Amino acid sequence: MAIKQEDQVFSVLPCRDLQADIAFYSRELNLQLDRLYPSEKPHSAELSGRGLSLLLDTRHQGAPGLLIIKTEEALRQPLQSPSGTELRWERTAEPHVQSFANHRVEICTLRGTPWVTGRAGTHTRDLIPSRLGGGIMVSHIRIPNGGPVRDRVHYHTTEFQLLFCVQGWIQLVYEDQGPPITLQAGDCVTQPPHIRHRVMETSNGLEVIEVGTPAEHVTAIDNDMQLPNGRVDSHRLFHGQRFCHYVHKDARWQPHRLPGLAASETGVAEATAGIAGARMLKSSGASPAYRTSHGAQVLFSYVVAGSVRVNRQLLVAGDAFTLPPGEEYSLGDISADLSLLELSLPGRFETHL
């Protein structure tokens, strides 16, 4: 009775000298030789190891290949096989680029910022187009047609990440945080580095703000974990940060550092060990226009509702502004229905009036 074998998938590399290439890959990558074919005067060899199945074939005369070896060990100089394939060693962990170069006042209006159509019909616009030199990404994401989401369990290599619901609702599940949660308008969560999570379902007309530092980071798929994972540990630290879930209907208000505003702290500063802070702001009564400055590395605000004048520009719902440290700006014409999301790096900073 014939034994059925599973299909195998190989990376095929050109080969001019089979024996020399076998010796090279065995020596430099510690690959093991599995098969030679045919036994007499072989023209091909199968090798495996390091998660790689490699087929060397002298009948394949394509261009030389490139093998990248991700490692946490000391990097080696690139090597070239006898048949010309390059071996290149790179770091497993992606470098975090958190530069805030060319920081300036950056105002992004809903009318003046184009929406970009992405996968599955999502619409996205960048609320800090310069990304401050690669230090931060703030995206306004709109999903017109909701429903169940075919998402995989994954995590990100960000230093800080926040998801804020502007409109509609989104259901997500997080590692060690119990059953799925539903973010409503005004709610937010932090996604600590490497916490596994999955989007399950969204409403029609969902709008969220996603913040990530640095601007470019890795999304890694976890093919083994199932969520929810049946474990609850709300105090667990993920790379020094806790998961934080702010529910806006339970907001507690107190005077803000700036006149005419009240603030509801989201708990982000405590959960991130001071890396970042987020708070909801609202009007607390009439106030004349005034000038102020701050000492935060990044201070970003999104107008959820109402209006406010920043310098000479009146900003309304859907507009956003980013203000550099140490530079004076004016604030005035705060409407009675103003609602703002304010995000800062770090969580605590000085304000000057």
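The values are calculated or read from the model by the stated rules, or taken from the named source; none is laboratory data. Here the structure is a predicted model, which is why all the values come from computation and not from measurement. Backbone-built Cβ (ideal geometry, glycine too); neighbour counts: all protein chains shown. These accessible areas exclude ligands, DNA and RNA; they are computed on the full protein's heavy atoms, side chains included. Shrake-Rupley method; radii C 1.70, N 1.55, O 1.52, S 1.80 Å.
At 0.36 nm per residue, and after removing the present C-alpha to C-alpha distance, how many nm does the segment from ALA286 to SER48 gain when stretched out fully?
My answer for the length gained is 78.5 nm.
Highest first, please rank the peptides 60-70, 307-317, 205-215, 278-288 by the mean number of other Cβ atoms sitting within 10 Å of their residues.
205-215, 278-288, 307-317, 60-70
What list of ³J(HN,Hα) couplings, whole Hz, do you get for region 162-178 from phi and the Karplus terms 6.51, -1.76, 1.60, once you set θ to phi - 60° and write x for glycine and proline?
Once θ is set to phi - 60°, the couplings for region 162-178 become 9, 10, 10, 8, 8, 8, x, 8, 9, 9, 9, 9, 10, 4, 6, 10, x Hz.
Extending each Cα 7 Å along its Cβ direction at PHE349 and ARG150, get the distance between those two points in nm, one decimal.
Rounded to a tenth, the inter-label distance reads 4.2 nm.
At what distance in angstrom do the alpha carbon centres of region 201-237 and region 315-353 lie from each other?
Taking the Cα centre of each part, region 201-237 and region 315-353 sit 28 Å apart.
Output the relative contact order of region 1-96, whole-number percent, from Cα pairs under 8 angstrom with separation of 6+ residues.
27
On the protein heavy atoms, probe 1.4 angstrom, tell me the percent of accessible surface of the chain carried by carbon and sulfur.
49
Region 237-273: which trypsin sites (Lys or Arg not before Pro) are DSSP loop and have at most 11 other beta-carbon atoms within 10 angstrom?
Listed in order of number, the matching sites are ARG252.
What is the ratio of the Cα radius of gyration of region 58-213 to 2.2 N^0.38 Å, where N is its residue count, to two decimals?
Expressed relative to 2.2 N^0.38 Å, the Cα Rg reads 1.38.
Using Cα atoms only, what is the angle between the long axis of helix 18-28 and the major principal axis of the chain, expressed in degrees (0 to 90) to the nearest 10?
Taking the Cα atoms of the chain, the angle to 18-28 is about 40 degrees.
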